[in-house]
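In what follows, a single structure is set out as structure tokens and then discussed.
The values are calculated or read from the model by the stated rules, or taken from the named source; none is laboratory data. Everything numeric here is computed off the predicted structure, so don't read it as measured data. Note that each Cβ is placed from the backbone with ideal geometry, even for glycine, and that neighbours are counted across all protein chains shown.
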Amino acid sequence: MDMSHAARSTSCFRFAAFLGLLVLHLSGQLGWAKDDKRFSTGAKAASEAKQELINQELKTLEGHSWAGRYYYGDGLGVNVDLDLAPKSGFVFTWNGCLGLYDLNYGDVAEGDGKIRLVFKYANDRKGFQGIAPELIPVVWGERRYLIPRDEIVKFANDINAGFEPRKTLWGSFLLRRGDELKDVHGEPSIPAEYTVYLLRNPIKAKISSIKGSRFKDSTRTTTVVLKVGSEQGVKLGMEFYLYSPSTIFESATITRLETSSSEAVIVQYALNDESETRPSLDWKLSTFVGCDGVKDTPPLP
């Protein structure tokens, strides 16, 4: 990827700042209760015992295709750990600024190219809780990822944007610990039907019109029309990121597709209706973050 260190550092800083604001926004909406059985002394002891079994099994599984210790998060309110092995099962924890948000453990079932987690406690995926019950092992060079089936497009978006392959532990997808230091080559082994989402060159876009905007519950949702469509390689669910003005980090998700245009939704979090900069016609977006002044080089390494 032909991108200056300064430009990439600026983009990463903007992304981290965005995540920090989102965490602060959501931190008051935690749905767990400390009297939940999963937080009991017995549950914690059982998870620790299972963790020890997993650790012992992992020592005998060098080179296994998916067993290991995985992590995704931002180092703030999102710190998700998933440790798993074929015989010993899994332990899942979610830690954040206020301590332990979620804990679960159970067995692992493998089949049809997927890993299925069989939970001891109810797996409620809301707020700062839960984890995808089915994960697809993805190989990328020397790296091992576990990606939810319904987030393969998001994973491709992160690759197009330059967030993956990440160079630190922090990221949006489960990556085996230590693999952030390993090389990648070629394309990741995502299901064949999703490889069309992996771009060889970034797609830039301008906003041709703003169809509507509404503010509710600290969230502004704006629908915009972009001057790019299927002819330019745009796909439903693709993510575009604001690069000009460079002082704002926002993203737009494609929700409707035409030949030479597309509709996208921009979701902004704010304390009130006037505290964020609204989308405007002078905004410039790209599938590759920080592309202003950077050559249109392939996002893939």
Within region 79-133, tally of residues that are modelled with pLDDT under 95 and within 18 Å of the chain's Cα centre (by Cα): 6
Hits in region 194-212 (condition: among the small types (Gly, Ala, Ser) and surrounded by 15 or more Cβ atoms within 10 Å (Cβ to Cβ)): Ala205
Those residues of region 236-253 which are part of a loop (DSSP other than H, G, I, E, B), surrounded by fewer than 18 Cβ atoms within 10 Å (Cβ to Cβ) and either of a type in the set (D, E, K, R) or in contact with a strand residue (DSSP E or B) (Cβ under 8 Å, 6 or more places away or on another chain) (or both), in sequence order: Leu236, Gly237, Ile248
Which numbered condition Ser172 fails, given (1) at pLDDT 95 or above; (2) part of a strand (DSSP E or B); (3) in the same structural domain as Ser275 (by TED's automatic domain parsing): (3)
Candidate set: region 82-128, residues that are free of Cβ contacts under 8 Å to residues at least 12 places away in the same chain and not in a strand (DSSP E or B); chosen: the one farthest from Asp36 (Cα to Cα): Asp112
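Take Ile152 and tell me if it is in contact with a helix residue (DSSP H, G or I) (Cβ under 7 Å, 6 or more places away or on another chain), under 21 Å from Val184 (Cβ atoms) and touching a residue at least 40 places away in the same chain (Cβ under 8 Å). Lay out the reasoning, then the answer.
On the way: in contact with a helix residue (DSSP H, G or I) (Cβ under 7 Å, 6 or more places away or on another chain): yes; under 21 Å from Val184 (Cβ atoms): yes; touching a residue at least 40 places away in the same chain (Cβ under 8 Å): yes.
Yes, satisfied.
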Top-ranked residue in region 102-142 [being charged (D, E, K, R) and farther than 14 Å from Ser88 by Cα; ranked as surrounded by the most Cβ atoms within 10 Å (Cβ to Cβ)]: Asp102
Residue identified as over 29 Å from Leu271 (Cβ atoms) and in contact with a Gly (Cβ under 7 Å, 6 or more places away or on another chain) among Glu164, Glu187: Glu164
Subset of region 155-178 (residues that are buried (at least 21 other Cβ atoms within 10 Å of the Cβ), without any contact (Cβ under 8 Å) to a residue 40 or more places away in the chain and more than 22 Å from Thr253 (Cα to Cα)): none
Residue list for region 222-235, filter: within 18 Å of Asp282 (Cα to Cα) and not in a loop (DSSP other than H, G, I, E, B): Thr222, Thr223, Val224, Val225, Leu226
Filter result (surrounded by 17 or more Cβ atoms within 10 Å (Cβ to Cβ) and without any contact (Cβ under 8 Å) to a residue 24 or more places away in the chain) within region 57-80: Ala67, Asn79
Subset of region 255-284 (residues that are crowded, with 16+ Cβ neighbours inside 10 Å and over 26 Å from Asp217 (Cα atoms)): Leu257, Ser261, Ser262, Lys284
Boolean, Gly63 is assigned by TED's automatic domain parsing to the domain that holds Gly127, part of a loop (DSSP other than H, G, I, E, B) and closer than 17 Å to Leu169 by Cβ: no
Flag if Ser213 is among the hydroxyl-bearing types (Ser, Thr, Tyr) and assigned by TED's automatic domain parsing to the domain that holds Leu84: no
Residue satisfying condition, being of a type in the set (A, V, I, L, M), closer than 16 Å to Lys50 by Cα, outside the structural domain of Thr253 (by TED's automatic domain parsing) and out of contact with any Pro (no Cβ under 6 Å at 6 or more places or on another chain), within set Leu117, Leu100, Leu82: Leu82
